[in-house]
Every structure is written in structure tokens, then in C-alpha cells.
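All remarks here apply to the structure that follows.
The values are calculated or read from the model by the stated rules, or taken from the named source; none is laboratory data. Just so we're clear, the structure is a prediction, and the values are computed from it rather than from any experiment. Ideal geometry is used to build each Cβ from the backbone, glycine not excepted, and the neighbour counts take in all protein chains shown. The area values use the complete protein model at the heavy-atom level, side chains included, leaving out ligands, DNA and RNA. Shrake-Rupley method; radii C 1.70, N 1.55, O 1.52, S 1.80 Å.
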Amino acid sequence: MTRPGFALPRPAPAPGGQDTEPVVPEPLADDATVDLTAERAGSGVGEILDALESDLVGLQPVKTRVREIAALLLVDRARSRFGLSAGPPSLHMCFTGHPGTGKTTVALRMAELLHRLGYLRRGHVVSVTRDDLVGQYVGHTAPKTRDAINRAMGGVLFIDEAYYLYRAGNERDYGQESIEILLQYMENHRSDLVVIMAGYADRMEAFFASNPGMSSRIAHHLEFPDYSLDELVAIGELMLREQRYRLSAAAEAVFRDYLARRMTQPRFANARSVRNALERARLRHANRLVAADGTLAKDDLMRLEPADFLASRVFGS
């Protein structure tokens, strides 16, 4: 079996994440040269990084870290052709931040990047929570955890709110059994599985403090900051363009005011809250058009007005 770091670029995964066989590159002589720009272009890594840039507004520290990881893996692969491989790198990661800050999107792009570079044979993502891993009675947890891991083999196992796996002081909880199984696979199958744990920063820190074995296996920590008001407005505009809607001039100011108010209220979830706000605005827009009982132009079907936002409870608080 070819070790990671010795595989040539692989094509993008087909739907469902099909296996692709690695191709062993020809070793290079000591006096040979390697063109990293050509390697980057041939692997398709640039396309993935460009897609990440276009898919996500802001998050520059995260994007920078992803580019650094991509550069590390490109150089590692080039080194391997000269016999300089330092062994398979540890690629397990921890993503911390509030909901709606792009963690799942980055996990998808990371899986594709690792697949293109030959570090994952499938490049798919299996997203799970505690309920998918931990059973409710003796003998139930191990098969649930192994089933999730087996589905993720060759790709990424994304564990959202991973700290819920551990419940201190509850002797009847089976989360620790799941953690122990994960640790075994993360160590023994790290050439065929990448685990990404996600959640709030303070809770993940407490989780790692209680499970030092898990902490030692996480090589990369990426912190996802909250979006600024300007970034949230840009995210909304991007979502509207994708759905072929637009804001009228008056609605632009109201939408910005809506977001400024919503940011200060409970259960705000960054981009997720923006999407929810636009979905509700679309409902009001549709209801307004139907109630108008008249002929409509194309622009009427696309244009959101202040009334489509002002009916929100956000403006009543």
C-alpha cells in the first residue's frame, strides 16, 4: 500500500466519494528539480482554494491556514520524490467558533483538497454528532462508533459539538467508550481517515483538558471568528444573487438594520441567521405579491422590499 506523500494528483471525487487508485510517481535524482507551481496547477489545489475564497466571505485567518496546510502537503509530496519523506503527516483537526461561521464548508473543501493531493482516497465528509456515535445501553456504543468511522474511511469524519462525547461525573455514560475507539482509529488509520472536531472554543478546550490523548492527536487548530456586520451584509447579497433575488435601494438599508439588531439578540448564528432571515423575507415577498392580485414583471418577482423585513419580530424588540 502506497503511503501518503507518494501519490500523484488525483481527480476530484465523484458523487458519493468513490475510491481512486494512487499512482506512484517516479523517484527523482538528487540533481533533479521540481516545479511546485506546476505541481499545484496539476493537482487542482488552486481551484479548491479559489472556490473556498468565493464560497466564504471574510474568514481570512482560516483561509490563510488552509493555504498553509496545502503548501505543506505540496512540499511534503515533492520531498517524497527525493526520498525525503518524513512519514505520513498528522492531519486531524479542530475547528472552533460559533454556529454559522463556515466550519462545515471548510471541512468539505479540506476533504477535497486532501483527496486531490493524494492524502485521502475518497475525499468525502461524514458529519456526525454524539447521537450518531454513543449508544444508550451496554454494547451499543462500539458498533455505532465503528459504523460511523467505517462510513468515513478514505475521507473526513466531521464531529460537530464533539465535547458532548464526554460527560464528566456520569458513570453510566458511554461516551468515553466512543472516545477510546476514535483514538485507536485516529492513530492506527491516520493514512486513511481524517477526524475534524468542531464546536465552541471554550468547551473544546475543556474537552481536550479532560482527554489529553485526544488533544495530542489534533495537529491543526483553526479558529473561526464571528462575522462583522459588513461581512454579514455581503453574505446576504451573495445568497440573494445565487437565488436570483435582489434588494431594492430602500430594502438595503432595512436589511442592514435588521442584521445589526439580530446580532445583539439570543441564538444569533452568523451566516445561518442571515439565511433564515432571507428565507422568511422570501415568504413575505411571495405573500405580498399574491395579495396584490395583479400582473407582475420579472423584476417584481426578484425584488425584496422593506416590508419583507420590517414584519420581523426583530424590529419589535
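Taking 20 °C and 1.002 mPa s as conditions, the range 214-317 diffuses translationally at an estimated 141 µm²/s according to Stokes-Einstein applied to its Kirkwood radius (Cα pairs).
With both labels modelled 7 Å from their Cα along Cα-to-Cβ, the A201 to S54 distance reads 3.1 nm.
Based on DSSP H runs of at least 4 residues, each adding -39500 (n - 2.57), what is the mean residue ellipticity at 222 nm of the chain after dividing by all its residues, to the nearest 500 deg cm²/dmol? Value at 222 nm, helices only: -15000 deg cm²/dmol. The label-point distance for M239 and S210, in a model that sets each label 7 Å from Cα toward Cβ, rounds to 3.3 nm. On full extension, the segment bounded by N150 and H221 gains 23.1 nm, given 0.36 nm per residue less the C-alpha separation. The residues of the chain expose, per residue, 50 Å² of accessible area to a 1.4 Å probe. Against the empirical curve 2.2 N^0.38 Å, the C-alpha radius of gyration of the chain lands at a ratio of 1.18.
Stretching the chain fully between D173 and T64 yields a gain of 35.3 nm (0.36 nm per residue, less the alpha carbon separation). Once the convex hull of all Cα atoms in the range 20-147 is built, its volume per residue stands at 140 Å³. The angle between the Cα long axis of helix 175-188 and the main principal axis of the chain comes to about 50°, on a 0 to 90 degree scale. Here the chain exposes an accessible surface that is 50 percent carbon and sulfur, computed with a 1.4 Å probe and the other protein chains kept in place. Distance between the modelled labels on A41 and S228, one decimal in nanometres: 3.5 nm (7 Å Cα→Cβ projection). With a 10 Å cut-off between alpha carbons and a GNM built on the chain, which of L157, L193, L301 moves the most? Per the Cα network of the chain with a 10 Å cutoff, L301 tops the list.
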